[in-house]
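The values are calculated or read from the model by the stated rules, or taken from the named source; none is laboratory data. Since this is a predicted model, take the numbers as computed values, not measurements. Here the Cβ positions follow ideal geometry from the backbone for every residue, glycine too, while neighbour counts run over all protein chains shown. For the accessible areas, the whole protein counts, side chains as well, though only heavy atoms, and no ligand, DNA or RNA atoms are used. Shrake-Rupley method; radii C 1.70, N 1.55, O 1.52, S 1.80 Å.
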Amino acid sequence: MNKTKEKNVPMIKGRSYWADSLRQLRKHKLAMYSLSIIVVYILVVMFIYLASWTKTDVSFLDWNQTVGKGYEKPNKQNVLGTDFLGRSVLRKTIYGARVSLTVAFWASIISMLIGVPLGAAAGYFRGFIDDIVVWIYTTLSSIPYILLILAFALVLRDKTLNLNWLGLDAISLSGISTVYLAIGLTSWVDICRLIRAETMKHKQREYILAALSYGCSNSRIIFRHLLPNVFHLIIISFSLRFVGFIQAEVILSFLGLGEKNSPSWGSMIDAARLDLPKGYWWEMTAATAAIFLISLALNIFGDALRDSLDPKLKVQ
Amino acid sequence: MITYIIRRLLYTIPIIFGVLVVTFILFNIVSGDVSDQIAGKAASAETIKEIRAEYGWDKPLFLSWDSQFINHLKNSLTFQFGRSWSDRELIITKIKQGALPSLSLTVPMFIGELVISISLALIVAFLRGTIIDILSVFICVVLMSVPFLSFILFGQYFLAFKWGLFPVYFWPDLPLPQYVALPILIGIVAGLGGNLRFYRTVMLDELRNDYVRTAFAKGLGTGSVLFRHVLKNAMIPIITQVILAIPFLFLGSLLLERFFGIPGLGYLMIDAIAARDFQIINAMTFIGAILFVVFNLITDICYSIVDPRVSFE
Amino acid sequence: MRYCFCAILLLIAGCRYSANNPDPNDTVLYSAHSAKVRGLDPGDVGDTTSAIVASQMIECLYQYHYLKRPYQVVPCLAESMPAMSGDGLVYTIKIKKGVRFYDDACFKDGKGRELKAGDFVFAWKRIADIKYLSKNWWIFDNKIIGLDEFRQYSKTCKTAADVDYNTPVEGLQTPDDWTLIIKLKGRPWPQIVDLLAHLPTAPMAKEAVDYYGKDIINHPVGTGPYKLKRWHKGSYIEMVKNPTFRDEFYPSEGEPNDIKNGLLADAGKKLPLTNRLVSVLIQENPPLWFLFLQGKIDVSGIPKDNFSEAIDLRQQLTPEMKARNIKLFTFRDPSTYWFGFNMEDEVLGKNLPLRMALSCAVDRDKYIELFTNNRGEPAYGFIPPLMSSYNPDIKNIAQTSYNVQKARKLVKEAEQIYGSKLPTLTLAMPGTDIVFRQEGDFLKRCFKDAGLDVEMDYMDWPTFQNKIKTKSAQMFTLGWIGDIPDVENFLQLFYSKNISPGSNNFNYSNPEFDKIYEKASIMPDSPEREALYRKAEEIVVKDCPAVFLVHGVAFILTHDWAYNVKPHAFAYGTAKYRRVDEAKKAAYSELLRTLK
């Protein structure tokens, strides 16, 4: 990584796997553009959170303010028009990034937190643990995904999670947290399966056998040796499934299972069911465009990431 | 061989049991009680008690031969899901009635998508590296990035209403091919991106095999290599994909059915969600899972017959 | 590849707009329902959509006169209006002779048998039978001698099959097949005639229940002008003319304007005037609206949120609609919508200024403009303007009209009573979809302007009901649509004996109101009763247990080929009066082409 070192040491060959991949990725122009789009979205969301934590008033975040008459067409003042209450569609679209990205982010984290340890444990220990894990995920994966996610969203809605036994306060689920819990709890199966298979492969490799012969503890082997070696798979899967999570939020919002108290892209598209027959197309178009842009960027970047991190999979 | 099939059959038992446990936890424990809703306006506590008895919600959850869990197992395995409480109709009848409309939407959609995306994938793989290939990959990603709901709303507004190319909605006595045409078209277009990309990868994976190099080395033309060898070999992952997708066809499409008035299982599901009719979702989940398990079994058995390398252990 | 594209092109080509009904003698009325038809068993019908569909096939003892206003009940299956004893406790009703159920497989040889008085007794015992779990027991609860005992008896039976319907009920007697005597439990029941025009009180043939069992929901057996032909659940329902329908004729008198509006052109003609009724289930707004504009649906209620396309702010049709010869009817609905307060709530219950502040904070006119497109009337009390006991002065009595300044002042007072800054309040909304969310956004803003923090809690209908029944909702959005013209229907919502889980969702209790209610609810219709009703409303309004928001105004949009469309607030079975001009309808597609 360090350039000065590279200069001093004559052997350039010894670049690490990650450095090599990053270099490759950086050469991919389209991927870099995509990355910058993603970064912009993330910065916007972080900014929204920051502003709300510090209680800063930022005008473009005040989506609930009336800026014009109801249902104004896109014009100079309101670039993307207004909604039924005369609120700026542009601000709603910007603010909507918060729900979508938060849902996708937490859903990914939850599915990883469940899938990765289970997969690693099953692949490493085999035996009884493996049987149980495989049983759970085969069961879940034999239930059609859309039904499973709906069922979870439906029963988790408006529930209060009692976390006293963990020493935490009870969490009452509503809108956003229901959505990411439902998505997260149902979508860990793929990653779990992937990690399990990969762990089984790696367990036969010399470096693990060596670590074993040194007398390393199981947890050390898993966390220090195994997981770092399969980590790129987690990143790839994360980046590719992020899009799916964003789209899932749209569907759940349409079914009335999503976030209700602040704008989300799903609910903006949902509003089109009322607006479109009247000819008010701009709110839906804005949300569609916002989803489109981030999905496009994630898809392209995810592909490039996969190509560079996993050369075996690289498609010529 | 037969022992393999028996073993494989036995293996499905814990899976089905697992599905039953999941549905029970979701729909009998977490979901809560809907007896107030059934009772309607101005109902007395007595009526509610009567309703709870009628649906068996007053029984213990586990720990009894007549517990809710045992009854859940019994009813599900015999496909006796009882009556929907929102309209007192037999749930199994509803599902039977909904299956055909759903299939008439999803089967043509599935086949159309398969044929179109595989043909396009072959062409694109044939032209790999050219501008057409890059462009088509880009278009795929574009198609994948548009929300499905937007496809439907715009499609219905422009194609059906503004330009009058299709019927807007289901209509009595309208021949089935007419009113499912637009939803099928929308479904195919919306799914094309992902599918084309998937099959292109399958084809290209196949192209990297040694036999392809050998074939080229033999001096065969690209076309002949692609169609004679590659497609044939790529058929195995494709067929697997196809068989495993079949059970999902029964579920129909939630949004398409709702917007185009196709009285299928997707529509049924949306209604059940709105009415909190958990028993319908429970039944659909169970049947969907059973179908999946069965088709999985069929695939495995077919493999073991066709491919002698599959071990029977 | 090429074949694929060809196939798609062919598919598209085959889908061009297809012509309407080819047979001009076969008249069909197409309509849409936007909720699922849940079941057509009259005893169990609890929702409007099912009631509308079932009412075309099933008749009651009485019905509303189609044209006359104010709404008037006239005999239907009954020979005449009921004879009432001097103390108002015994009603004797003669039933028309020779009325037949329509032909159905449940009868001997499939031929419909004659209607008997016993069919009513059977139907009502069925509603009383607790094993049947009818939603409509409230109609008969504590009214008829012996019927409550029958309900108790059914409770002791093990299963539904054990309930013996031959168990006599003293208050329901049939001296012969055409006479029905109803004896009341010592208290007059002036609403009875209105309720006997209400679908759940329709007769039921025992043969049908025995034959179909639980499947009776799918097989309505009635005496009405139409019978069920096809019912594709969750899709559409088709009814055809009942060939054995008794002689009933189009009314020959009505309101003065009816002649001018052509509503009496068919006077004296035998009903029904249309051969078939087709009602299609369309739950999404866009397709519903598109289909109406295409002329596929003849008569439509306007989907709530398409108002502004149909009607501009001066309450007229847009030029686009006019060019299509679309007609619009508006009429007052017997409905009132409100946010109720839970009077047992710690914060709200003891704080009248706070409740008033919430009421003053809501801009009702803006609400009506945004969510009903000016098709509603602001409400300050619960009695709808349509009812004769409506008090036009209620706005001044209530003192809760929209006034932000006043609301702010009241909030200050409320804070003093509460002792500190008011906590965030929660308003429960009975739905999660975009319609409710938009409403919630608007209301939140209204309250915010007055300095009140109100959170919206969106939930599905069952959860919502549960919350109200268990008194755990602080505020809730709800409304009431009167089933009958008698306002008692509204008053009972505030009666202290009906507190949750009963129908008094406000958990409101005021002894003074209770006294008036108990007195007025058993009085026959009279000016004195009206005065009492008004007095009762005044008491409620002053206690402010709810923000009364809007009285509904309903609409019907029709194409010009549908005749005899006159809106009716209470009657459901009105399709028999409607007529369709198929030739005019066929010409519409031409019109559409020229408009393009």
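By definition, a body whose alpha carbon gyration tensor gives a ≥ b ≥ c is oblate when a/c is 1.5 or more and a/b is not larger than b/c, and chain C fits this oblate description. Only Lys, Arg, Asp and Glu carry charge here, each on its Cβ (+1 for the first two, -1 for the last two); on that basis the protein assembly as shown has a dipole of about 3900 debye about its Cα centre. Its DSSP H runs of at least 4 residues, each contributing -39,500 (n - 2.57), put the calculated 222 nm mean residue ellipticity of chain C at -9000 deg cm²/dmol, to the nearest 500.
Quick one: among B:ALA181, B:ALA283, B:ALA53, which has the greatest mean-square fluctuation in a GNM of chain B with alpha-carbon springs under 10 angstrom? Looking only at B:ALA181, B:ALA283, B:ALA53, the biggest GNM fluctuation is shown by B:ALA53.
The charge dipole of the range C:98-217, taken about its Cα centre with unit charges on the Cβ of Lys, Arg, Asp and Glu (plus for the first two, minus for the last two), comes to roughly 360 debye.
The relative contact order of chain B comes to 24 percent, based on Cα pairs under 8 Å that sit 6 or more residues apart. Farthest toward the positive end of the dipole of the protein assembly as shown, out of C:GLY86, C:PRO378, C:THR426, is the Cα of C:THR426, where the dipole comes from beta carbon charges about the Cα centre. Summary of the geometry: the range B:282-299 and the range B:75-145, compared by the centres of their Cα atoms, lie 16 Å apart.
Looking at the range C:113-181, the pairs of alpha carbons with a distance over 15 Å make up 50% of the total. Based on Cα contacts under 8 Å between residues 6+ apart, chain C shows a relative contact order of 18 percent. Each peptide among C:547-555, C:153-161, C:173-181, C:326-334 gets the average number of other Cβ atoms lying within 10 Å of its residues, and from highest to lowest they stand as C:547-555, C:326-334, C:173-181, C:153-161. Percent of Cα pairs in the range B:146-197 per distance bin of 10 Å, from zero to the largest separation: 25, 50, 22, 3.
Extents of the range C:42-129, taken as max minus min of Cα coordinates on every principal axis and listed largest first, are 44, 29, 29 Å. Expressed as a whole percent, the proportion of Cα-Cα pairs in the protein assembly as shown lying more than 55 Å apart is 25%. Remark: the Cα gyration tensor places the range C:335-553 in the rounded category, a/c being less than 1.5. Within chain A, the longest run free of exposed loop sites, counting trypsin sites (Lys or Arg not before Pro) that sit outside DSSP helix and strand states (H, G, I, E, B) and have at most 13 other Cβ atoms within 10 Å, spans A:77-204. For the range C:485-566, a Kirkwood hydrodynamic radius built from all Cα pairs, placed in the Stokes-Einstein relation at 25 °C and 0.890 mPa s, yields a translational diffusion coefficient of 167 µm²/s. Seen from C:ARG69, the other residues with C-beta closer than 10 Å to its C-beta sum to a net charge of 0, counting Lys and Arg as +1 and Asp and Glu as -1. The residues of the protein assembly as shown expose, per residue, 42 Å² of accessible area to a 1.4 Å probe.
Accessible surface of the protein assembly as shown, 1.4 Å probe: 61 percent of it comes from carbon and sulfur atoms.
With N counted as the residues of the range C:38-226, its alpha-carbon radius of gyration over 2.2 N^0.38 Å works out to 0.98.
A Gaussian network model of chain B, with springs between Cα atoms under 10 Å, assigns the largest mean-square fluctuation among B:ASN71, B:ASN209, B:ASN296 to B:ASN209. What share of Cα pairs, in percent, lie more than 26 angstrom apart in the range C:168-313? Here the long-distance tail beyond 26 Å is 54 percent of all Cα pairs in the range C:168-313.
Compactness ratio for chain A: Cα radius of gyration over 2.2 N^0.38 Å (N = residue count) comes to 1.17. When chains C and B come together, the accessible area they lose, probed at 1.4 Å and totalled over both chains, is close to 5400 Å². Distance from the C-alpha centroid of the range C:324-347 to that of the range C:123-165: 33 Å, rounded to the whole angstrom.
The alpha carbon convex hull volume per residue for the range B:100-188 rounds to 104 Å³.
Probe radius 1.4 Å, ligands and nucleic acids left out: can you give me the accessible area buried at the A-C interface, summed over both chains, in Å² to the nearest hundred? The summed interface area works out to 2200 Å².
Working note: 222 nm ellipticity from helices only, DSSP H runs with n ≥ 4, each -39,500 (n - 2.57), summed and divided by the residues of chain A, gives -22000 deg cm²/dmol to the nearest 500. Rounded, prolate or oblate: which fits chain B, taking a ≥ b ≥ c as square roots of the Cα gyration tensor eigenvalues, rounded meaning a/c under 1.5, else prolate when a/b beats b/c? Oblate shape, in that a/c is at least 1.5 and b/c is the bigger or equal ratio.
222 nm [θ] for chain B, helices only, -39500 (n - 2.57) per DSSP H run of 4+, per residue, to 500? Intermediate values should be presented prior to the final figure.
Working: 13 runs with 214 residues, N = 313.
Estimated from H runs of four or more residues: -23000 deg cm²/dmol.
Between the helical axis of A:145-156 and the longest alpha-carbon principal axis of chain A there is an angle of about 70 degrees. Sequence-distant contacts, meaning Cα pairs under 8 Å at least 6 residues apart, place the relative contact order of the range B:186-276 at 19 percent. The chymotrypsin sites (Phe, Trp or Tyr not before Pro) of the range B:112-173 that meet both conditions, a loop assignment by DSSP and at most 15 other Cβ atoms within 10 Å of the site Cβ, are B:TRP163.
Values of log10 I(q)/I(0) for the range A:14-165 across q = 0.09 Å⁻¹ run -0.58, by the Debye formula with one identical scatterer at each alpha carbon and no solvent.
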